[in-house]
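First comes the structure, then the notes that go with it.
The values are calculated or read from the model by the stated rules, or taken from the named source; none is laboratory data. Remember, it's a predicted structure, so these values are computed and weren't measured experimentally. All Cβ positions, even for glycine, are placed from backbone atoms using ideal geometry, and neighbour counts span all protein chains on display. Quick note on the areas: whole protein, heavy atoms, side chains included, nothing else; ligands and nucleic acids left out. Shrake-Rupley method; radii C 1.70, N 1.55, O 1.52, S 1.80 Å.
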Amino acid sequence: MSLEVAMVKISIEGKYYEAKPEKNLLETCLSLGIDIPHFCFHPALGSVGACRLCAVKKFRDKDDAKGRIVMSCMEPVTEGLIISIDDPEVKAFRSSVIESLMTNHPHDCPVCDEGGECHLQDMTVMTGHIYRRFDFPKRTYYNQELGPFISHDMNRCIQCYRCVRFYGDYAGGKDLNVFASRNHVYFGRHEDGPLENEFSGNLVEVCPTGVFTDKTLKKHFTRKWDLSNAPSVCVHCSIGCNTIASERYGYLRRIMSRYNGAVNGYFICDRGRFGYEFVNDEKRIKTVLIHSKNEIVPEPVNYEQLLSCLDQSLSRNKNIIGIGSPRASLESNFALMTLVGKENFCHGISKKEYLLTNTITEFLQHTGIRTPSLKQIEKADAILVLGEDLTNTAPMISLALRQAVRNLPNEEAKGKGIQLWNDAPVRELAQDSKSPLFIATPFGDSLDEIAEDTFRASYRDIASLGFAVALKLDKKASELKSDKKDIEKLAGKIAFSLKNAKNPLIISGVSSNDESIVNAALNIATALSSIGSKAMLSLVLPECNSLGLAFFPGKSFEDAFHLIENKEIDTLIVLENDLFRRAEKESVNNLFKKSRQIVVLDHLPNKTAQAADVLLPAATFAESEGTFVNNEGRAQRFYKAIDSKSQVKESWRWLGDFIKIRYGNKEVLWNRLDDIVESMANELPVFSKLKEYKPGADFRMLSTKIPRQTMRFSGRTAMNANISVAEPKLSQDPDSPLAFSMEGQQEMPPSSLVPFYWMPGWNSVQAMYDYVDEPGGSMKGGDPGIRLIESTEGIENTYFGQGSQNNAAEKDEWQIIPLNQIFGSDELSSVSSSVLQKTHEPFVLINQKDADIISINDGDYVQLEILKVKLRVKVKIDSSIIQGLAGLSVNLPGMPFFNIPDTGKFHKL
Amino acid sequence: MLTEEEKKEIQKEVKQYPYPAVACIDALKIVQQHRGWISDESVKDIAQVLRISSEEVDSVATFYSRIYRKPVGRNVILICDSVSCMIMGYESLYQYISKKLGISFGGTSSDRRFTLLPISCLGDCDNAPVMIINNDHFNRLTIEKIDELLEHYK
Amino acid sequence: MERPLTKYITPGSIAYNLEDYKKVGGYAGLKKAMKNMTPAEVTSLVKGSNLLGRGGAGFPTGVKWSLVPMNGDDSKPKYLICNADEMEPGTFKDRYLLEGNPHQLIEGMIISAYAIRAEKAYIFLRWAYKKAEAGLRTAINEAYKAGYLGKNILGSGFNLELHVHSSAGRYICGEETALLNSLEGKRALPRTKPPFPAVSGLFGRPTVVNNVETLSWISHIVENGADWFKGLSLTGTGGTKLYGVSGKVKNPGIWELPLGITMRELLEEHAGGMATGHKFRGALPGGASTDFLIEEHLDVKMDFTTVAAAGSRLGTGTMIVLDDKTCPVAFVHNVERFFALESCGWCTPCREGLPWVEKMLASIEEGTGKMEYLDLLKFNAKYMGPGNTFCAHAPGAAEPLQSGLKYFYDDFVEHITGKKCPWK
Ligand SMILES: Cc1cc2nc3c(=O)[nH]c(=O)nc-3n(C[C@H](O)[C@H](O)[C@H](O)COP(=O)(O)O)c2cc1C
Ligand code: SF4
Ligand code: FES
């Protein structure tokens, strides 16, 4: 990596500052805390010089009194640079830019969804443009219907080109572009229709005004200043993007991305942004329900009734089994483990997933191989994706890969004196030269277009390729023979690229459910490290706390069946987990049959919840505090945005109550989150670092808590005036240093506790500039989260063998492999109404030739038989999937569990 | 659907360049040459041949003034409305044609015989006023000449 | 008086074919360059001749070439591009050269490509120039057959492919970096500079863009030397220039004359003076994007520096004359409407400023204008000035506007106070 560059001295308004020469002047000023109005520059997108708002005066030398106007975003920072931002001429120019943009802007702020957090409003005030001198009719546009996520209002457009630069250049989207020319440029799709790219939601934040807005928010519109906000963490995949969750009237109203320089940067995916609606679902479990033997429907009960019902079953001599969950917080899982005892605690994931996750966790903890953050993934210069469908299982990794492949041209650009922030020339220079990315997956997706090579093959051949790569790197690595011819050559090429890279990266994951693929990925990482390479290994796990759960001692779900084979269970406690997604219906029902009492804690009435004798309303991420560990091993805390007025409680709080019942008050003294975290850190060494997770609940700024609401929060008394005109008592939050209030220190809370972005002059998300050390850098005070696995010195390397094998397909059979879907395969987000609209019905993906063999067409329905289970699915024909493989969409709403990969048959309908 | 001929012509251009998308403008011109204009369907067809999205094709198509995204008549009259032609009286010419054909700039006659469009300077200012019909260039125009001229285009 | 560029052009008749061109000494310059000169020598000769680009900006051609890296990675091509987009209103000089003597351009391009070691060249041609296109294609075929193009040209080991690309219509395509984007099949948006095309141009490779007239000079300079070229002009600049005059003059047309003749000479001797019954009020000396000059400037020498000193630009050297029977407001309005329509839409001052200007001018012309508009027009002209915009399009548009307001202010006022156009 490049060494620290020497700083240069520049003069702004006659004052001297130290600055980094590889930055542009605008970024530099913004990181110095000096505001320069701008639109088209975005730290993640670089500079293009289109809006002309960031103009400053540049002077040749001290004697130059006149100076000339330059765009600060296009101005390299050089030694001795002299500039002025306040110069009257340039100030007037900037306000002219706003004035001319306003000639066509509709001034519909009172009804505009962006009002109150509009970058254009900020800039208008900042430049001081006030009076309108343009007295002609404005241009108007037709708005498009862009699907369930994004609403479109082109009249508000100020033509900064950020949308198309984000959507196309950054995220690889193809269906949003700019049309026409002059002052008729139009940003939209070729025709009406849902935006196809998985990151479309970021347009809401990237667009400086109200052209692209959050459609799910629009339905219940509320202003930014009327929201209560909390720093949160996304619950919809294992990457752990940081989010801001915002509430109004007891409902979650939106999710925005929360900056974390090491994790998601400025962006999140659409599943993460729009999946939140499950929190508001009308079917949410909000009361304690008890299903007594002689009643048909469960009855709501109060707390005392609940206690009297559980009093007996929780007593010390009872045999209680606890099933934890990869989507519940560390604290909730720990509370359950404490309640039932280590030997009775199960992870609650499918057998295969348990196996693979365990292998991975052991490996990561003991080999010292780096697990990269997304930021580090963006720096990779040779990448192999082995068997993981990133776009669907970890979309943000695929976004990071799009940035990573641009590293190679960066060197060339530097050589030609082109600054890396100068976006267009860097792209132009790059053409097709990219850092090598190799993708070995059973079927293609949009990432293929940036890959140097793609390898379409069966799981076995993909694994073989991985083994061959490892073997090329280290002779000691194990072998997995294949008769596919091109493997040797490709493996050689990949090994060469990885070996010669500064930051080689292997990506794999468990979504394939295939041991040999995971083993192959681990072997390559081992082989690389054996030759002294600082290889990175990123492994995608299925859920937001999969890795966190894996850190707990505990049995597999399958083991739970064995555990109870001979014994009766007195009480089975299921924590935030629909077991029917983890195992075949029969086994789950069997388990239930053997349990005298079933206690379920969850948010929504899934099948498991429906089987409960006692159903407890568990708080979602938005109503609770807790910690998740992402796939990188980074523990991240989320905070409640909603103070639930119903019986809804954090699972760890419910379970804490039960612990008190079971063991008495003396043994466990948990009153709030910090207490659990402390005892967890003491009990399980892997979590010992969590003690450092500061600040705790006692933290205060200027002796007050950090407000969740902005200073402009209106109507604290008015909002419930139809119920009571009295000033309501503020809700209390004992678990965090955040308050449900607008009072307190608004500026600059600690980096992990930022509930919203606001700075004087900046109501829009651009206020973020003040929260980071430099645009695109780290949060001031460090990026949130604590890495629980730090690279240690590598110990003796060993190589894995192939592992368990999948059944081979007989005649008339296909290998059925799982296809995860970004929209639909994740349990919680699939309930969200906007996501549901983007969710496909269950389908099977097959090759055209295979379709011809069984004479079916695209769009036909067939019956798919796997392990005797039959399922009606739609056929999708895909040219990339190889013959003999059939990809089955998994975990879509209404679908049963399938233990695939396995073989299956098609029956015509 | 593009015809085989159109596809062949496009492929020929594609070969000249480092990647197919470069031939976007050529492809649009080829299809327009055959069909007179570029329909939404043509946009999609071209996108398919060049392996890019419809949006990418349309973004280019709508930028250039000589790519027609609306149907035009069998003959397209382009009258230069730039400054030298203005000085030399293109306006009366336009008025005359407009009245004669019953259409103004942007319009197509009801028999689809003519579409009338303005165009900027045709680089023949010393022989103003100037106009183009289809691919034919005419200069030093007078109202008298117009009647005779239009007759040639059916 | 020597007329190297146009000597063999007879307007109205067919351009020389290869045989005829060779008979009058064609391709001798190419032979000389290939046989006796290294690329570096060609570049330094052109640099020494002080040939200034004829595309409008007057940048020294040799200097432009010398920015091209000569010892870089030769595995990927470098490019030479001839800018034959000529869309600026009032400009009709390149068409004359293209239609009249395509081989002269082709020969110049081969030598120029040799000088920068570009193995691919394009002629970016205005869509409407159908006749020129046909002529060029024929001439290029001839040149390929004769071994002037293609592989191992004249046994020198140098290869060159030459293509004609006809544009899809848009003035901004003539801006050299927008031209590159257009050639890449994209929207013709200008690119930021630096990096200059010589460093990263077409497909990110070193590229030189030169005007038709500029490139047409190269073979002559190689053949006759730098001193000969310098001696052609009346001022120190070097060379002759294609000058044109359009508008209400007796004899509008185009002439090759020594650089530095006066406006008066051009107007009176060559264009035959004003048409009967018309008086001279002013002129844009070099196309629509130059400032008005008026009566008092008639003795200004038409070269790059002198015209600039008088407050305008030589531009393309083709003059548009404003007479007393033409409304100056309508004139300015026409020009500004052109620029507003041709804005690429990338940067704010141009995209938003020009339509505003256009609307005010239309309104003044119709007699509905307000006095405030005059200040607003001045304000916008300044707002769109050099450095404020992304490329030179809007600053070009500001020139006739600001000077029009300066010299014909009373006419503007009269429209507003009289609530009608006095010429209508
Ligand atoms: C808006 C705009 C339009 C232009 N149009 C042309 C043109 O049509 N032909 C041309 O040769 N140069 C044109 N230019 C100038 C070119 O950018 C460039 O300077 C020129 O082609 C370089 O050639 P030269 O060095 O031989 O003069 C234009 C510039 C601008 C800003
Ligand atoms: S000045 Fe700006 S909007 Fe105008 S043509 Fe140049 S870049 Fe485009
Ligand atoms: S102004 Fe019409 S041809 Fe020049």
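In region C:269-295, which residues are in a loop (DSSP other than H, G, I, E, B) and crowded, with 24+ Cβ neighbours inside 10 Å?
C:ALA271, C:GLY286, C:ALA288, C:SER289, C:THR290, C:ASP291, C:PHE292
State which residue pairs qualify: first residue farther than 21 Å from C:LYS382 by Cβ and within 16 Å of ligand 3 (Cβ to nearest atom) and inside region C:340-368, second residue charged (D, E, K, R) and open to solvent by 10 Å² or more (accessible area, probe 1.4 Å) in any location, beta carbons under 7 Å apart, and separation of 6 or more residues or different chains.
C:LEU341/A:ARG182
From the list B:SER53, B:SER59, which one is within 16 Å of ligand 2 (Cβ to nearest atom), outside the structural domain of B:ARG112 (by TED's automatic domain parsing) and at pLDDT 95 or above?
Sole residue among the options that is within 16 Å of ligand 2 (Cβ to nearest atom), outside the structural domain of B:ARG112 (by TED's automatic domain parsing) and at pLDDT 95 or above: B:SER59.
Quick one: in region B:71-101, which of the residues that are over 30 Å from C:GLY286 (Cβ atoms) and touching a Gly at 6+ places or on another chain (Cβ under 9 Å) is surrounded by the fewest Cβ atoms within 10 Å (Cβ to Cβ)?
My answer is B:PRO71.
Could you check region A:59-85 and list, in sequence order, the residues that are in a loop (DSSP other than H, G, I, E, B), within 14 Å of another protein chain (Cβ to nearest Cβ) and touching a residue at least 40 places away in the same chain (Cβ under 8 Å)?
A:GLU75, A:THR78
Here is a list of conditions, (1) touching a Gly at 6+ places or on another chain (Cβ under 9 Å); (2) under 23 Å from C:PHE92 (Cα atoms), and C:LEU298 meets all of them except one; can you say which number that is?
Against the list (1) touching a Gly at 6+ places or on another chain (Cβ under 9 Å); (2) under 23 Å from C:PHE92 (Cα atoms), C:LEU298 comes up short only on (1).
Just to be sure I understand, how many residues within region C:314-364 are among the hydrophobic types (A, V, I, L, M, F, W, C), more than 18 Å from the chain's Cα centre (by Cα) and within 16 Å of ligand 2 (Cβ to nearest atom)?
So the count comes out to 9.
For B:GLY123, all conditions in the list (1) within 16 Å of ligand 1 (Cβ to nearest atom); (2) open to solvent by 10 Å² or more (accessible area, probe 1.4 Å) hold save one; what is the number of the exception?
Answer for B:GLY123: the failing condition is (2).
Can you name the residue in region B:17-28 that is more than 20 Å from C:GLY169 (Cα to Cα) and more than 7 Å from chain C (Cβ to nearest Cβ) and, of all such residues, is surrounded by the fewest Cβ atoms within 10 Å (Cβ to Cβ)? Talk me through it step by step, then tell me what you get.
Here is the first cut: in region B:17-28, the ones more than 20 Å from C:GLY169 (Cα to Cα) are B:17-20.
Still in the running and more than 7 Å from chain C (Cβ to nearest Cβ): B:17, B:19-20.
On the way: B:TYR17: 17, B:TYR19: 15, B:PRO20: 18.
It comes out as B:TYR19.
With the requirement that a residue be within 16 Å of A:ARG133 (Cβ to Cβ) and either outside any loop (DSSP other than H, G, I, E, B) or touching a Phe, Trp or Tyr at 6+ places or on another chain (Cβ under 7 Å) (or both), what does region C:355-371 give you?
Passing the criteria: C:PRO355, C:TRP356, C:VAL357, C:GLU358, C:LYS359, C:MET360, C:LEU361, C:SER363, C:ILE364.
Do any strands (runs of 3 or more DSSP E) entirely within region A:813-909 hold 3 or more residues that are surrounded by fewer than 19 Cβ atoms within 10 Å (Cβ to Cβ), and if so, which?
A:861-866, A:869-877, A:902-908
Pick from region C:371-393 the residues that are open to solvent by less than 40 Å² (accessible area, probe 1.4 Å) and within 21 Å of C:LYS419 (Cβ to Cβ): which of them is nearest to the other protein chains (Cβ to nearest Cβ)?
The extreme case among them is C:LEU376.
Could you tell me whether C:LEU298 is more than 13 Å from the chain's Cα centre (by Cα), modelled with pLDDT of 95 or more, surrounded by fewer than 20 Cβ atoms within 10 Å (Cβ to Cβ) and not basic (Lys, Arg)?
Numbers: more than 13 Å from the chain's Cα centre (by Cα): yes; modelled with pLDDT of 95 or more: yes; surrounded by fewer than 20 Cβ atoms within 10 Å (Cβ to Cβ): yes; not basic (Lys, Arg): yes.
So C:LEU298 fits the description; yes.
Write out, first by first residue and then by second, each pair whose Cβ atoms fall under 7 Å of each other, whose residues are 6+ apart or on separate chains, and whose first residue, in region A:698-718, is on the phi > 0 side of the Ramachandran plot while the second is surrounded by fewer than 18 Cβ atoms within 10 Å (Cβ to Cβ).
A:LEU702/A:GLN745
Mind listing just one residue for me: the one in region C:342-400 that is among the small types (Gly, Ala, Ser) and away from ligand 1 (no atom under 16 Å from the Cβ) and, of those, nearest to A:PHE93 (Cα to Cα)? Walk me through how you get there before you give the answer.
Filtering region C:342-400 for residues among the small types (Gly, Ala, Ser) gives C:343, C:345, C:353, C:362-363, C:367, C:369, C:381, C:385, C:387, C:392, C:394, C:396-398.
Applying the additional criterion that residues be away from ligand 1 (no atom under 16 Å from the Cβ) yields C:362-363, C:367, C:369, C:381.
On the way: C:ALA362: 25, C:SER363: 25, C:GLY367: 30, C:GLY369: 25, C:ALA381: 12 Å.
This residue is C:ALA381.
Determine whether region A:174-187 contains at least one residue that is open to solvent by 40 Å² or more (accessible area, probe 1.4 Å) and of a type in the set (Gly, Ala, Ser).
The answer is no; no qualifying residue exists.
Within the group C:LYS23, C:LYS93, which residue is within 12 Å of ligand 1 (Cβ to nearest atom) and either among the charged types (D, E, K, R) or modelled with pLDDT under 95 (or both)?
From the options C:LYS23, C:LYS93, the qualifying one is C:LYS93.
Do we have any residue at all in region A:274-286 that's part of a loop (DSSP other than H, G, I, E, B), free of Cβ contacts under 8 Å to residues at least 24 places away in the same chain and closer than 22 Å to A:GLU576 by Cα? Steps first, answer last, please.
Within region A:274-286, the subset part of a loop (DSSP other than H, G, I, E, B) is A:281-286.
When the remaining residues are screened for being free of Cβ contacts under 8 Å to residues at least 24 places away in the same chain, the result is A:282.
Now narrow it down to the ones that are closer than 22 Å to A:GLU576 by Cα: A:282.
For region A:274-286, residues part of a loop (DSSP other than H, G, I, E, B), free of Cβ contacts under 8 Å to residues at least 24 places away in the same chain and closer than 22 Å to A:GLU576 by Cα: present.
Residue by residue through region A:275-294, note down the ones that are more than 30 Å from A:PHE823 (Cα to Cα) and open to solvent by 80 Å² or more (accessible area, probe 1.4 Å).
A:LYS293, A:ASN294
Only one residue in C:GLU142, C:GLU161 is more than 21 Å from the chain's Cα centre (by Cα), more than 16 Å from ligand 3 (Cβ to nearest atom), at pLDDT 95 or above and more than 24 Å from C:THR38 (Cα to Cα), so which one is that?
C:GLU142
Identify the single condition in (1) within 11 Å of chain C (Cβ to nearest Cβ); (2) within 17 Å of the chain's Cα centre (by Cα); (3) not hydrophobic (A, V, I, L, M, F, W, C) that B:TYR90 does not satisfy, given that it satisfies every other one.
All conditions pass for B:TYR90, except number (2).
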